[in-house]
Amino acid sequence: MRPPLNTSSTVPTFYPGPIALQILGIETSCDETGVALFDTTRGLLADALHSQAVMHADYGGVVPELASRDHIRRVLPLTRQVLTAAGSTIRDISAVAYTEGPGLAGALLVGAGMAHGLAFALGVPVIGVHHLEGHLLSPLLATPAPAFPFVALLVSGGHTQLMRVGGIGDYELLGETVDDAAGEAFDKTAKLLGLGYPGGPALAALAATGTPGRFRLPRPMIGSDDLDFSFSGLKTAVLMATRSRTFSPGDRADLAAEFENAVVDVLIAKTLGAARRTNATRLVVAGGVGANRTLRQRLTDAANARGIEVFYPAIEFCTDNGAMIAFAGAMRLSGGKPPGAFGVRPRWPLATLETLTT
Ligand code: KG4
Ligand code: ZN
């Protein structure tokens, strides 16, 4: 069990009031089945996760049909596990939140089916949550939590975006990748270096043993007059480096270190640029690449030197999880979001979400 959300003055004022509600969160948008129970007065009660990474590894990427079938197998046992760990029963659930999108349609449908079926049987509301809103709000589960407004760097396997966050649902897109997401670049480069799938953590581990700067990779769009990113050229540059006649297997760690540094350089430059443009004094990093320790260390140092605070989710809540969905669902529920009809939204722009005015 994790510590409850703190209730110090740094917690935004939207934090739910005295009514104790237990929200079950279900995440099935891609290759992780995540379930969690969030209590609006006590904080996160329990969470459980099953990663399908091993299952997809043989294929070098996520196989959507296999992902859906595995979510079906896992979602009920994980729900039981979470209820037991929380000391709750199914009757304690006040509402069910699930990832409505974006993501793989078949995988999303598993969570939607489970959530709607359970909510129907219990006679409680069901709330469809935007996956990226879950990521974006996940630092609010940590202590201390950032107050609004802040600039968020969302760096996952599918997205790389800078957003100005004024409140729940008040999201202004400042810039995004024009091609590959940062996590996708990590995964593809890891594959090139023979590190398997998913490659981000493996590449980061290899990079930690290497020396950046021995190879020189580009920093795409680092000087462009906007807040957009481009990462697809980087993997091509890595490929070219591995094909050079002098490249040996012993050079892989140095190349990995240079790749990681190149991505981190660009992410830091653009994120600080976004803070400058919006006069932000708080930054938030969310999404799987937010687990990268080089990024965390270097961004914190660079931001702090400019008087800017940086907030991160706990490492285990950077990648997909049920806790962020339960939490975002709780925020939406306490803001009066009406229960939704059955459905999923495989494509769903974050900026179209409604703003909560509580
Ligand atoms: O947020 P997430 O779990 O899933 C999406 O919504 O996409 O992010 C997964 C991505 C993958 O591309 C993975 O390689 C990357 O996050 N990732 C990392 C690290 N841990 C996960 N990338 C770099 N360094 C890490 N330590
Ligand atoms: Zn995600």
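Values computed for the structure shown
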{"read-out": "Evaluation of GLY128 against (1) touching an Asp or Glu at 6+ places or on another chain (Cβ under 6 Å); (2) open to solvent by 30 Å² or more (accessible area, probe 1.4 Å) (one fails), failing number", "value": "(2)"}
{"read-out": "The stretch 169-181, residues that are open to solvent by 10 Å² or more (accessible area, probe 1.4 Å) and under 27 Å from ALA95 (Cβ atoms)", "value": "ASP170, TYR171"}
{"read-out": "Count of residues meeting criterion [under 20 Å from the mean Cα position of the chain (by Cα) and buried (at least 17 other Cβ atoms within 10 Å of the Cβ)] in the stretch 190-203", "value": "7"}
{"read-out": "Number of the exception - ALA145 against (1) closer than 21 Å to THR28 by Cα; (2) away from ligand 1 (no atom under 16 Å from the Cβ); (3) open to solvent by less than 10 Å² (accessible area, probe 1.4 Å)", "value": "(1)"}
{"read-out": "Options LEU206, LEU162, LEU227: the member that is farther than 30 Å from ASN279 by Cα, open to solvent by less than 60 Å² (accessible area, probe 1.4 Å) and touching a residue at least 24 places away in the same chain (Cβ under 8 Å)", "value": "LEU206"}
{"read-out": "Any pair with Cβ under 6 angstrom, 6 or more apart, that starts in the stretch 120-134 at a residue that is of a type in the set (Val, Ile, Thr) and ends at one that is within 16 Å of ligand 1 (Cβ to nearest atom) and open to solvent by less than 30 Å² (accessible area, probe 1.4 Å)", "value": "VAL129/THR99; VAL129/ILE325; VAL129/ALA328"}
{"read-out": "Qualifying positions in the stretch 299-336 - part of a loop (DSSP other than H, G, I, E, B), out of contact with any strand residue (DSSP E or B) (no Cβ under 6 Å at 6 or more places or on another chain) and open to solvent by 30 Å² or more (accessible area, probe 1.4 Å)", "value": "ALA305, ARG306, GLY307, ALA314, THR319, GLY336"}
{"read-out": "Some residue of the stretch 159-167 being part of a loop (DSSP other than H, G, I, E, B) and away from ligand 2 (no atom under 16 Å from the Cβ)", "value": "no"}
{"read-out": "Residue that is in contact with a Lys or Arg (Cβ under 7 Å, 6 or more places away or on another chain) and modelled with pLDDT of 95 or more, where the choices are VAL165, VAL155, VAL151", "value": "VAL151"}
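Residue-by-condition table, conditions (1) of a type in the set (A, V, I, L, M, F, W, C); (2) within 16 Å of ligand 1 (Cβ to nearest atom); (3) assigned by TED's automatic domain parsing to the domain that holds PRO201:
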site	(1), (2), (3)
ALA121	yes, no, no
PRO125	no, no, no
VAL129	yes, yes, no
GLY158	no, yes, yes
ARG164	no, no, yes
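The values are calculated or read from the model by the stated rules, or taken from the named source; none is laboratory data. Treat the numbers as computed from the prediction; the structure is a model and nothing was measured. Here Cβ is always computed from backbone atoms with ideal geometry, including for glycine, and neighbour counts include all displayed protein chains. Accessible surface areas use protein heavy atoms only, side chains included; no ligands, DNA or RNA. Shrake-Rupley method; radii C 1.70, N 1.55, O 1.52, S 1.80 Å.
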